[in-house]
């Protein structure tokens, strides 16, 4: 077995090989236990904390006599522990300097958990960002508003859990379990107060269409409903702000198109044979739908000679047995990502002629991928296995899993990411990632678009793989570094655990 250049390899018992960079500095375990508690702070924000403190923030931080301390007999004593001599110790990524960009280790920054937002209001099903405001939707019908990661009020709908949130200017659109889309507006006079300004379909539109029998569709035997109304849960919302359109997908198998200016339903499409799980608009004139029937469909927007907007099926990108559970469009690199119930993420690359070519698939999750977020060269995928994978697209089109964010105790249902404003090298620009879970918490992470050289571990204990099958057939193996923030308590988990 060959060792990679610049690394050292060792084989013992023929069961495992560990290769790691010779220049990678690993402090002793005792240094981690005896480090200052402030260097493991879970938040850089002052004031009241919304999460439990770090496990290294002891209640009594004053020093005691070493002669009388029972700590000397503790198995965690770094002086007596044989683990202290292990060459495989990793430094904690929660170091305050690295976490907040104040320092670096040989030019390398580590990902970190910033804060955990917890309110006992229900599971988190949706979230959206608007400036310094964060909106979270739960199954308790509440929409909680956060400002600078602190509670900033909220508002409550009359019925239906909040399954989707999108924001267009001053308007907040929320999709609900009862099949309705509600529109809210933030008050400029009263901070944190939001007023409902409409419901889709509007009452005027509802009455106008109800007089014509042609506007009704059969939903089951002896049961009809208006074509412009969703009769099952709304699963996804997406905006096309360039054309002033809102798209909604529902478990009633339909895709509906709404005009943002007057909330009018322009079109209702029987899109799939099963529930529509995700809708995303992108590439100027296209909208993509993913369904439980295992298909991803690409719809092209057209304008008729009468000036009306309509959408026609352009092609079926994917047809498989596993349900399609999430879609995301990377507008920077014109790539469409698709998550499935088998934990695989497929992606398509757009050519200059608006053709989409299948670029490969990513394997990083053991269970269904429930949410995706893409930005520049990064992709974030959250899944039912409670993990979030951070992927980076290289210049040659291949993808590498930089790290895995762990800490949620329930499936990761929604995710959002935004680049942080900072001066200097834009190639090293860090990202703030928000993940909402069915464990009733939202975790906020700081992620860098690069990672150190990772070790290759082979043997019985290394069954984690990330595979990017591209045109060249290239495969990338890891385990990557794992960032943990369980219940607001931060710790570094070695990647071979």
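Each reported figure results from applying straightforward, stated rules to the coordinates on display, with no laboratory input. Not measured: the values here are computed from a predicted model. Neighbour counts run over all protein chains shown; Cβ positions are idealised from the backbone, glycine included.
The eigenvalues of the Cα gyration tensor, multiplied by 5 and square-rooted, give the range 112-493 an equivalent ellipsoid with semi-axes of 34, 25, 19 Å from largest to smallest.
Using alpha carbons only, how many angstrom separate the centre of the range 285-357 from the centre of the range 198-221? One Cα centre to the other: 28 Å.
Sorting 197, 260, 234, 228 from the fewest to the most surrounding beta carbons within 10 angstrom yields 197, 260, 228, 234. Can you compute log10 of I(q)/I(0) for the range 295-345 with the Debye formula, treating each Cα as one identical point scatterer, at q = 0.13, 0.16 Å⁻¹? Values, matching the q order: -0.43, -0.60. Over the range 112-493, Cα pairs under 8 Å with separation of 6+ residues give a relative contact order of 12 percent. In terms of the mean number of neighbouring beta-carbon atoms within 10 Å, the peptides 147-157, 273-283, 311-321 order highest first as 273-283, 147-157, 311-321.
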